[in-house]
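The values are calculated or read from the model by the stated rules, or taken from the named source; none is laboratory data. As the structure is a computational prediction, the values presented were derived from the model and not from experiment. Cβ atoms come from the backbone with ideal geometry, glycine included; neighbour counts cover every protein chain shown. Areas reflect the complete protein model, heavy atoms only, side chains present, ligands, DNA and RNA absent. Shrake-Rupley method; radii C 1.70, N 1.55, O 1.52, S 1.80 Å.
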Amino acid sequence: MAVMTTAQALVKFLDNQYVSFDGKETKFVDGIFTIFGHGIVLGLGEALDSKISSLKVYQGKNEQGMAHAATAYAKMNNRRKIIACSSSIGPGAANMITAAATATVNHVPLLLFPADTFSTRQPDPVLQQFEQVNSLTTTTNDAYKAVTRYWDRIARPEHLMSAMINAMRVLTDTAETGAVAICLCQDVEGESYDYPDEFFVKRVHRITRMLPSPEEVEDIFNIVKNATKPLVICGGGVRYSEAGQTLESFCREFNIPFAETQAGKSACLSSNEYNLGGLGVTGNSSGNTIARNADVIIAVGTRFSDFTTGSKELYRKDVKMVTINTSRFDAYKLDATKLVADAKLGLEALAEKLRSVGYKSGYTDEIKAAKDGWDREMDFLSKYSYDENFKPLIAAGDPRTIPEFAEKIGTLTQTAAVALIRKLIPEDAMCTAAAGSLPGDLQRMWTTDDRYSYNMEYGYSCMGYEIAGALGSKMAHPEKESYAMCGDGSYLMLHSELVTSIQEKKKINVLLFDNSGFGCINNLEMSNGIGNLATEFRFRDDKGELLGDLVPIDFAKAASGYGVKTYTARNIDELEFALKDSLKQEVSTLIDIKVLPKTMTDGYDSWWNTGVPSVSPSQKVNDAFKAKEEKINKARRY
C-alpha cells in the first residue's frame, strides 16, 4: 500500500502503461501537455514536479491547440503512443472540447484531464465555475459527455482506480477509441489515499486483431465472387491495422482497383498500379469514374462519411455493399453485408476464399484508362496559371473578382503551388491539413510512397488543427520534415502551437495559402446563388457592407516575431526559392503563399448534399435547389 495524493497516484499509474501490437511492446503515455491554472497547478502540477515518474511535461499555448497536437501525435504513431492533456477549470477545460470531438470522430485516442469544481463545494462558486441552477453537480466538464468515448469525474480519491482502468480500456480499443475525459475535482487532486500496490504494476494492454467469423467471411465471399467490376475502398482502418501491403496484394491478385478516403490515404503507395487515388467529393476523376460503374463495393475500415459516398449519390443504386471493419456500428452502414474483423485478417480470409475458386474481376483496360486520364489532368493542374483574361477558372464562382485579387495578391494558382510543393519537398515529408479547399486539392493531387505520412483531419474538418497537427506529427517523427498546409482563415483561427514548436525546437513548416478569406465557403455560397457574403476579408464599403477593399495582411512579418523563418511567395519562382531555402533551416518556417482564389481543383463528377433553401427570391438559389433535388432522387435514401 502507498499513501499518496490522487494526482500523484495518477501520474504514477500513467507511467506504467504499455501497449503491445503484433508482439511489439511500447510505452503508451509519453507525457502530458498542460496549461497550468489554479485548478490544476497545485494538485497535478505538484505530482509532475515531484519527479515520481518519467513523464515529460509539455507547455501548450492554447488548450485546443495542445490537444490537437496530442491527437496528431497519437495518429502518427498509429495509435500506439499518446500524450495526455490537462487544463484548468472552466474556460481552459471548455477549450479542449473541440479537440475531444475531433479525436473521437477520427477514432484517435486522446486522454484529457480537465480540472473541475470542488468536490466539497465549500468555496462555491469557485473562480471560473459555471453554475447550473437546476443542478450543482453539473459543471463545464459535463459538456464533454457528448464528444467522448468515456467520461468520468474523480470526486473521491478511490474513484481514480476504476476510472483509469476504464480509460485505458477505451483508449486501446480499435473500434471504440476516441477521446476520454477524466475530470479532476481540484480539491480531490491533493487528497491522499492508501492506494494498493497492484494499481501501479506495469500493465500491458494488448491491441489484438479481431478474428474474422467464418460465417461472415462466407457471407461477403458469396457477394464478391459474383462481382464483375468491384471496387475496394481503403479507409482509416487499413492504416491502423497496418494492412496497406495486404490490401495492395489483394487487389493485385484479383485485379481489383482501390480508391482512398482521406483517413486511408498513405496506407498504400500512390505509385501502386491499382491505386486510383481519392474518392468522393474530394476525389479525382479516376476514382469517381470507376466508383460510378462498380457493381460491388468492398469497404475496408471506413465510416462512410458523406464525402466518401458523395452524399450517397456516387454509387449505383443496385450496387452491393460489403464492409470489413472492427466497428460493428460502421460495418452496418449502407445496408452492407458485414465482416466485423481486423482489416488485415479480414482481407486475408476473403482472399483465401476467392483464391479457392480462381476469382478474377472483369476489368480489362478500364483501370489503366482511368489512371491515364487523371495523369493528364494532373499535368494540366500543375501548369495551370493566371492569364490575361482571368480564365479558365477551375472552380465555380464570380470571375469578376479575379482581376482585383491578381493586382493586389499575385498570379499564383493554388493547384500549381500544391504541385510544386509536392515536387520539391522530401518524399517522406509529413503533410498535415484539415479544412477549406486544401483537403480536396491534397486528396486529389498529393502523392506519397512513404506510408502513414499523410495526416489529414477530415472527420471533423476542424479549422485550426493544421499547425498543431504538424507539431504533433513532428513530435512523433522528429527525423522527418513536417508541413502544415492551411488557409489564412484556419491560420487566424488557431496557430498558437507554432510558438510551442519554437520552444521545443521541433521544426515545422507552415505553408499558408492566403486567398483573403474563407475561399472554400465563398465558392460554395456563390456557386449556389448566394452573394459574396462575409467569406472574404474585406473592409466595409460606403454602404456599410463587407464588400470594400481587401484587408491586406502580412502573415510573414507577423510570424517572424515568434522567431520563425518566414517568406512571402507571389509567384512560382518565389515559392520555389522559399521551399528550397526552408529545407536548410533548423527553426520552424512559414511561407506566406499569396494565391488567386477559386483556383482549387474541380469536383470531378461528385456531389455534396448541402442545405440549399427550397424557396428564395433569387432565381440562382432556386435553380440550385432544383439541381439538388435531382441529385437526391438519384441517391440512396439511407
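Evaluated against (1) in contact (Cβ under 8 Å) with a residue 40 or more places away in the chain; (2) assigned to a strand (DSSP E or B); (3) of a type in the set (Val, Ile, Thr), THR500 falls short on exactly one condition, (2).
The rows are residues; the columns are (1) open to solvent by 20 Å² or more (accessible area, probe 1.4 Å); (2) closer than 28 Å to GLY280 by Cβ.
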position	(1), (2)
GLY563	yes, no
ALA569	no, no
VAL587	yes, no
SER606	yes, yes
SER618	yes, no
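Of all the criteria given as (1) of a type outside the set (Asp, Glu); (2) open to solvent by 50 Å² or more (accessible area, probe 1.4 Å); (3) under 20 Å from LYS229 (Cα atoms), the one not satisfied by PHE329 is (3). Report yes if GLU536 is open to solvent by 40 Å² or more (accessible area, probe 1.4 Å) and either among the aliphatic types (A, V, I, L, M) or farther than 20 Å from PHE33 by Cα (or both), otherwise no. Against the criterion (open to solvent by 40 Å² or more (accessible area, probe 1.4 Å) and either among the aliphatic types (A, V, I, L, M) or farther than 20 Å from PHE33 by Cα (or both)), GLU536 does not qualify. What are the residues in the stretch 602-637 that are under 25 Å from ARG316 (Cβ atoms), of a type in the set (S, T, N, Q) and in contact (Cβ under 8 Å) with a residue 60 or more places away in the chain, if any? Selection gives SER606, ASN609, THR610. Would you check if there is a residue in the stretch 510-521 being over 15 Å from ALA559 (Cβ atoms) and under 18 Å from the mean Cα position of the chain (by Cα)? The answer is yes, given that some residue of the stretch 510-521 is over 15 Å from ALA559 (Cβ atoms) and under 18 Å from the mean Cα position of the chain (by Cα). Scanning the stretch 255-273 for residues that are out of contact with any Phe, Trp or Tyr (no Cβ under 6 Å at 6 or more places or on another chain) and either part of a loop (DSSP other than H, G, I, E, B) or surrounded by fewer than 24 Cβ atoms within 10 Å (Cβ to Cβ) (or both) gives ILE256, THR261, ALA263, GLY264, ALA267, CYS268, LEU269, SER270, SER271, ASN272, GLU273.
Count, please, the residues in the stretch 589-604 that happen to be out of contact with any Cys (no Cβ under 9 Å at 6 or more places or on another chain), among the hydrophobic types (A, V, I, L, M, F, W, C) and open to solvent by 10 Å² or more (accessible area, probe 1.4 Å).
0
Applying the set (1) closer than 29 Å to MET430 by Cβ; (2) touching a Leu at 6+ places or on another chain (Cβ under 7 Å); (3) open to solvent by 30 Å² or more (accessible area, probe 1.4 Å) to HIS38 leaves exactly one unmet item: (1).
Return a yes/no flag: does the stretch 108-117 have any residue that is outside any loop (DSSP other than H, G, I, E, B), of a type in the set (Asp, Glu) and in contact with a helix residue (DSSP H, G or I) (Cβ under 7 Å, 6 or more places away or on another chain). Yes - at least one qualifying residue is present in the stretch 108-117.
Across the stretch 444-458, which residue is nearest to ILE83 (Cα to Cα) among those that are touching a helix residue (DSSP H, G or I) at 6+ places or on another chain (Cβ under 9 Å) and open to solvent by 10 Å² or more (accessible area, probe 1.4 Å)?
If we take residues in the stretch 444-458 being touching a helix residue (DSSP H, G or I) at 6+ places or on another chain (Cβ under 9 Å) and open to solvent by 10 Å² or more (accessible area, probe 1.4 Å), then TYR452 is nearest to ILE83 (Cα to Cα).
So which helices (runs of 4 or more DSSP H) stay within the stretch 296-389 end to end and still have 3 or more residues that are touching a Ser or Thr at 6+ places or on another chain (Cβ under 8 Å) and under 30 Å from VAL418 (Cα atoms)?
366-383
Taking the numbered list (1) among the small types (Gly, Ala, Ser); (2) more than 25 Å from VAL340 (Cβ to Cβ); (3) within 32 Å of the chain's Cα centre (by Cα) in turn, GLY237 passes all entries but (2).
Taking strands (runs of 3 or more DSSP E) as the structural unit, those lying wholly within the stretch 189-234 and holding at least 1 residues that are touching a Phe, Trp or Tyr at 6+ places or on another chain (Cβ under 9 Å) and open to solvent by 10 Å² or more (accessible area, probe 1.4 Å) correspond to 203-206. Taking the listed residues SER473, SER461, the one that is touching a residue at least 24 places away in the same chain (Cβ under 8 Å) and crowded, with 24+ Cβ neighbours inside 10 Å is SER473, with no other qualifying.
Could you check, for the stretch 416-429, whether at least one of its residues is touching a helix residue (DSSP H, G or I) at 6+ places or on another chain (Cβ under 9 Å), in a strand (DSSP E or B), of a type outside the set (S, T, N, Q) and within 29 Å of THR610 (Cα to Cα)? Scanning the stretch 416-429 turns up no residue that is touching a helix residue (DSSP H, G or I) at 6+ places or on another chain (Cβ under 9 Å), in a strand (DSSP E or B), of a type outside the set (S, T, N, Q) and within 29 Å of THR610 (Cα to Cα). In a residue-by-residue description of the stretch 520-532, the property of being open to solvent by less than 50 Å² (accessible area, probe 1.4 Å) and of a type in the set (Ser, Thr, Tyr) applies to no position. The numbered conditions (1) small (Gly, Ala, Ser); (2) at pLDDT below 95; (3) crowded, with 20+ Cβ neighbours inside 10 Å are all true for GLY548 except (3). Per the conditions (1) surrounded by fewer than 23 Cβ atoms within 10 Å (Cβ to Cβ); (2) in contact (Cβ under 8 Å) with a residue 24 or more places away in the chain, the sole criterion not satisfied by ARG252 is (2).
Flag: ILE52 does not match the condition of being over 22 Å from SER482 (Cβ atoms) and open to solvent by less than 40 Å² (accessible area, probe 1.4 Å).
From the list LEU276, LEU339, LEU334, the lone residue that is within 26 Å of ILE207 (Cβ to Cβ) and touching a residue at least 60 places away in the same chain (Cβ under 8 Å) is LEU339. Annotation note: of GLY529, GLY561, the sole residue that is within 30 Å of ILE502 (Cα to Cα) and either at pLDDT 95 or above or touching a helix residue (DSSP H, G or I) at 6+ places or on another chain (Cβ under 9 Å) (or both) is GLY561.
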